[in-house]
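Take a look at the structure below.
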Amino acid sequence: MIFTKHSNAFRWAIVIASFIVVSLILWKTYEFFQHFKDEERTKMENWSFAQNEIINSDINTSLELTLQILNSNKTTPMLVINEDGSLYSSNNIDETKLTDSKYVKKLIETFKEENEPIPVKIGDSISSTIYYGNSPLLNKLKYYPLALLLIIVLFVALIFFFYSSNKNATQNKLWSGMAKETAHQIGTPLSSLIGWTEILKTENINPDYIVEMEKDVDRLKTITERFSKIGSLPVLEKADLIKETLDSYDYLKTRSSKLVDFDIIVPEGEIYVNLNKQLYSWTIENLIKNAIDAMKGRGKLIVEISQLENNVMVSVTDTGKGISKKNFNSIFEPGFTTKKRGWGLGLSLAKRIIEDFHDGKIRVLQSEKDKGSTLQISLKRASQ
């Protein structure tokens, strides 16, 4: 999926429209909550008037409507507290808990926070006070916006995941397409070079020149194979990790600055893993070149292979400038580089090769400013 200008504009239009709809829903929910709260307030005030009517009634007063109002409250929890602080009556509260004075005091404080108390008067004096809380329905309605926000957050996360997956798929297609095209472009002049090399062998030319040219042609063949394999799903084969690492190590050691002190530590015997040899050697070369660059061509470089029961680790340690802890993950992202002339592709290629194609892991094992870094590859051992 290719994200064009129009698709980006459409996506932002959907996001803005969704934000407006959610805002309206939240606002209307708040308005409904306040309206419902006002309705409960009115109901409690009517209850207080009815209570006052009962207190001031005589034998000739008709109390049918008054009693109906008093009995109409089936949901709102309430306490009627006398002026001396004693409990006069309660409604919609567990009566067994009302024997605990501390519980009653705590309940009164909770009700006061939720709603303003309503005084019950006899004449001009207050005989009692009604403390009431929110009904269960009102409490549920209070948490409805939070539930709605949670749904929206999950929905946004789903959209982001979908967009990120599509973007990664697009990037992977771009990687593959560029790699295949590069292999194709290199292949044409490479075929010509092989032909010219064969012609030069028939001429009176120093054989040493031909040998060096053939080495460069072989190197170009290796590069072509690498780009061809990274542009499609590579085939893995059982191979000795120690031998493949040594081959790449020796190749770079002979072609690097003599100011770099190379060292390699490997266990005795053979360690077999499922590898694509060309891509693995590319990874090792990238890690070693990156280490040499970090040391500015001068320092000590150690390649070490260690093994556990099911995994094999390949570590490349340098004595360079080190990596900031905040960049431990960023260095593997395409385009990230601290070099003035770097492209930021070497380590991202290494990560793609190891994690996507070999089901392994690559990470910064440790790093210290101006003392160096260790990058480690972890691969699964091949089944016997």
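The values are calculated or read from the model by the stated rules, or taken from the named source; none is laboratory data. Nothing here was measured: the structure is a model prediction, and the numbers come from that model. Glycine gets a Cβ as well: all are built from the backbone with ideal geometry, and neighbour counts include every protein chain shown. Keep in mind that these areas ignore ligands, DNA and RNA; they rest on the heavy atoms of the full protein, side chains included. Shrake-Rupley method; radii C 1.70, N 1.55, O 1.52, S 1.80 Å.
Here is how the numbers come out for the structure above:
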read-out: Residue-wise HN-Hα coupling along region 98-111, computed from phi with Karplus coefficients 6.51, -1.76, 1.60 (Hz; x: Gly, Pro); value: 6, 6, 8, 5, 5, 5, 5, 4, 4, 5, 4, 5, 5, 5
read-out: Two-site label geometry, residue 296 and residue 17: point separation in nm, points 7 Å out along Cα→Cβ; value: 5.7
read-out: Under 16 Å from the Cα of residue 37 - aspartates and glutamates, other chains or at least 8 residues apart; value: 45, 113, 114, 116
read-out: Rounded accessible area of residue 282 (nearest 10 Å², 1.4 Å probe); value: 30
read-out: Under the Karplus curve 6.51 cos²θ - 1.76 cosθ + 1.60, θ = phi - 60°, whole-Hz ³J(HN,Hα) for region 373-378, x wherever Gly or Pro sits; value: 9, 10, 9, 10, 9, 10
read-out: Probe 1.4 Å - accessible area at residue 211, Å² to nearest ten; value: 70
read-out: Percent RCO, i.e. relative contact order, over region 263-384, from Cα pairs under 8 Å lying at least 6 residues apart; value: 30
read-out: Label-point separation in nm, residue 259 to residue 308, each point 7 Å along Cα→Cβ; value: 3.9
read-out: Amide H partners (placed H, <5 Å) of residue 127, local residues excluded; value: 120, 121, 122
read-out: Too-long pairs where the Cα-Cα distance tops 32 Å, listed order kept, from 221/325; 74/112; 215/369; value: 221/325; 215/369
read-out: Length released on extending from residue 370 to residue 222, taking residue separation times 0.36 nm less the Cα-Cα span; value: 49.8 nm
read-out: Pairwise label distance in nanometres, residue 202 with residue 162, each label 7 Å out on the Cα-Cβ vector; value: 6.5
read-out: Estimated FRET transfer efficiency (residue 328, residue 109; beta-carbon r; R0 51 Å; 0.05); value: 0.50
